Amino acid sequence: MMSAMRFSAILQLREWERDEAAMSLANLDAAAKEIEHQHQAIRLQRKSHREARQRKTPESRSGVISAHELKSIADYDRALQHAESQCLKKREELQIEVQQAHQRLTTAQLEFVRIEKLQQLELSRQQTKIRQQEQREADELITLRYETA
C-alpha cells in the first residue's frame, strides 16, 4: 500500500513536470509566432518604403532634393533594417529555446510513461502476491478440513 502511494506521488510529480514543459513549449511557440509576425510587418514596411521611393516620377527624382530629406530616408531605412535584424536574432534565440523546451517535454513524457509502467508493474506484483496468499490460505483451509474429516 505504501509503494502505491509513493508511486502515485511520483507519478503526479512527473505529470506536473510534463505539463509544465508542455506549457513552456506552447508559450515559446506563441512568442516565436509573434516575432515572425513582427518580422513580416517590418519586411512589408521596408518593401513599401522602397516601392514608394521607386514610384516617384522622373521629374521629382531629377529635381532638387534636400540633404535633410535624403538623410531622413536613409535613417528610416537603417532603422527598419536594424529592427529586422533584431527580429531575426530574437527568432534564432527563440528557435534554440523551442528546441530545448521540446527536448524537456520529450524527456518529461518518457519519464512519466516510465513511472506509469513501474506503477502498473508494482500493482501487478501486489495483485499476484495477494492471489498467492489467498491460494495458500485456501490450501491450508482445505488441508485442515481434510485432516479433520
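The values are calculated or read from the model by the stated rules, or taken from the named source; none is laboratory data. Everything quoted here is computed from the prediction, not taken from an experiment. We place every Cβ from the backbone using ideal geometry, glycine too, and count neighbours over all the protein chains shown. Ligands, DNA and RNA are stripped out before the accessible areas are found, and what is left, the full protein with its side chains, is counted by its heavy atoms. Shrake-Rupley method; radii C 1.70, N 1.55, O 1.52, S 1.80 Å.
If you roll a 1.4 Å probe over the chain with all protein chains in place, what percent of the accessible area is carbon or sulfur? Roughly 57 percent, rounded to a whole number.
Computed from Cα atoms, the angle from the helix 67-148 axis to the main principal axis of the chain rounds to 10 degrees. Estimated from helices alone, the mean residue ellipticity of the chain at 222 nm is -35500 deg cm²/dmol (sum of -39500 (n - 2.57) over DSSP H runs with n ≥ 4, per residue). Expressed as an acute angle from 0 to 90° and rounded to the nearest 10, what is the orientation of the C-alpha long axis of helix 2-55 relative to the principal long axis of the chain? The angle comes out near 10 degrees. Net charge dipole, the chain: roughly 960 debye, given to the nearest 20, about the Cα centre with Cβ charges of +1 for Lys and Arg and -1 for Asp and Glu.
In the range 1-144, Cα pairs under 8 Å separated by at least six residues give a relative contact order of 52 percent.
Each peptide in 117-127, 138-148 was scored by the mean count of other Cβ atoms within 10 Å over its residues; highest first, the order is 117-127, 138-148. Counted by Cβ distance under 11 Å from A22, the other residues give a net charge of -3, where Lys and Arg count +1 and Asp and Glu count -1. Comparing Q54, Q12, Q100 in a Gaussian network model of the chain (Cα springs below 10 Å), the most mobile by mean-square fluctuation is Q54.
Rg ratio for the chain: its Cα radius of gyration over 2.2 N^0.38 Å, N being its residue count, equals 2.35.
Would you be so kind as to identify which of T107, A79, Q119 lies farthest towards the positive end of the dipole of the chain, taking Lys and Arg as +1 and Asp and Glu as -1 on Cβ and the Cα centre as origin? It is A79, whose Cα lies furthest towards the positive end. Straight-distance candidates among the aspartates and glutamates for linking to K117, with alpha-carbon spacing under 20 Å and chain neighbours fewer than 8 residues away dropped: E15, E17, D19.
For the chain, the per residue solvent-accessible surface stands at 79 Å², with DNA, RNA and ligands left out and a 1.4 Å probe.
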